[in-house]
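Structure record follows, encoded as structure tokens.
The values are calculated or read from the model by the stated rules, or taken from the named source; none is laboratory data. The structure presented is a predicted model; accordingly, all values stated were derived computationally and were not measured. Reconstructed Cβ throughout: ideal geometry from the backbone, glycine too, with neighbour counts over all protein chains shown. In case anyone asks, the SASA skips ligands and DNA or RNA and just uses the protein heavy atoms, side chains included. Shrake-Rupley method; radii C 1.70, N 1.55, O 1.52, S 1.80 Å.
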Amino acid sequence: MNLNEQISQYKPYNDQEALDQKEILRYLTTFDNLLTRENKGAHFTSSAWVVNKARTKVLMAYHNIYQSWSWLGGHADGDADLLHVALKETQEETGLKNIHSISDNIYSIEILNVPTHSKKDKPIAEHLHLNITYLIEADENEETSIKPDENSGVEWMSLDSAIKACNEPTMKVIYQKLNEKLKEYTKTNS
């Protein structure tokens, strides 16, 4: 199933996701370069909500650019398999080797506004991330490591602590949504 089909078949969790789904599908019919940063206005990213087996903790990284605790993930950079991107980015950003997706299905979608910033001393203009999130499981006892060019800390946190540790108001709302979905998912799959 291609990315357009996956997004079309996704069942939005709330009004935000329904609006973002519609807008992402519009972008897909308008632009042919959304999988690369060639599209300076908007491009695909993939995130991982990494949870422990008990579903009581989430793995967060202290993001150097945003100076905030954050989920894991990154740019598609030409890869249409966004689950693969989420898994790869999780391994690169945390050093974890033993991770797996809880489901191959999309866990969450959101359009994220990225403010102007610098990366590797180069200015990056404000743009949108058309973000697809996957639910990933990892062993909280496996040793983690940082990726110094991207983060300066990797830590397991309780679901509520992850929200409190984040400095970005918009992301707090998204993390709250992800936690609510996790609690519902855990109830229906236990």
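Can you find even one residue in the stretch 155-162 that is outside any helix (DSSP H, G or I), within 25 Å of S103 (Cα to Cα), aromatic (F, W, Y) and in contact with a strand residue (DSSP E or B) (Cβ under 8 Å, 6 or more places away or on another chain)?
Taking the stretch 155-162 as the starting set, the residues that turn out to be outside any helix (DSSP H, G or I) are 155-158.
If we keep only those that are within 25 Å of S103 (Cα to Cα) too, we end up with 155-158.
Then drop every residue that is not aromatic (F, W, Y), which leaves 156.
Then keep just the ones that are in contact with a strand residue (DSSP E or B) (Cβ under 8 Å, 6 or more places away or on another chain); that gives 156.
The answer is yes, given that some residue of the stretch 155-162 is outside any helix (DSSP H, G or I), within 25 Å of S103 (Cα to Cα), aromatic (F, W, Y) and in contact with a strand residue (DSSP E or B) (Cβ under 8 Å, 6 or more places away or on another chain).
Restricting the stretch 80-119 to residues that are in a loop (DSSP other than H, G, I, E, B) and of a type in the set (S, T, Y), which is surrounded by the fewest Cβ atoms within 10 Å (Cβ to Cβ)?
Out of the qualifying residues, it is T116.
Which ones in the stretch 126-139 are over 30 Å from L28 (Cβ atoms) and surrounded by fewer than 16 Cβ atoms within 10 Å (Cβ to Cβ)?
Answer for the stretch 126-139, where residues must be over 30 Å from L28 (Cβ atoms) and surrounded by fewer than 16 Cβ atoms within 10 Å (Cβ to Cβ): just D139.
Hey, D77 hits all of (1) open to solvent by less than 70 Å² (accessible area, probe 1.4 Å); (2) under 18 Å from L112 (Cβ atoms) but one; which does it fall short on?
Unmet for D77, out of (1) open to solvent by less than 70 Å² (accessible area, probe 1.4 Å); (2) under 18 Å from L112 (Cβ atoms): (1).
Could you tell me whether the stretch 49-72 includes any residue that is in contact with a helix residue (DSSP H, G or I) (Cβ under 8 Å, 6 or more places away or on another chain), more than 19 Å from Y175 (Cβ to Cβ) and outside any loop (DSSP other than H, G, I, E, B)? It would help to see each step written out before you state the result.
Quick first cut of the stretch 49-72, residues in contact with a helix residue (DSSP H, G or I) (Cβ under 8 Å, 6 or more places away or on another chain) only: 49-51, 55-61, 68-72.
If we keep only those that are more than 19 Å from Y175 (Cβ to Cβ) too, we end up with none.
Scanning the stretch 49-72 turns up no residue that is in contact with a helix residue (DSSP H, G or I) (Cβ under 8 Å, 6 or more places away or on another chain), more than 19 Å from Y175 (Cβ to Cβ) and outside any loop (DSSP other than H, G, I, E, B).
Restricting the search to the stretch 170-190, which residues are of a type in the set (K, R) and open to solvent by less than 20 Å² (accessible area, probe 1.4 Å)? Working first, answer last.
Of all residues in the stretch 170-190, those of a type in the set (K, R) come to 172, 177, 181, 183, 187.
K177, the sole residue that qualifies.
Any residue that is open to solvent by 70 Å² or more (accessible area, probe 1.4 Å), within 23 Å of F44 (Cβ to Cβ) and not aliphatic (A, V, I, L, M) - is there at least one of those in the stretch 150-169?
Checked against the condition, which is being open to solvent by 70 Å² or more (accessible area, probe 1.4 Å), within 23 Å of F44 (Cβ to Cβ) and not aliphatic (A, V, I, L, M), the stretch 150-169 yields no hits at all.
Which of the residues belonging to the stretch 21-37 are in a loop (DSSP other than H, G, I, E, B), open to solvent by less than 50 Å² (accessible area, probe 1.4 Å) and farther than 17 Å from I106 by Cα?
N33, L34, T36
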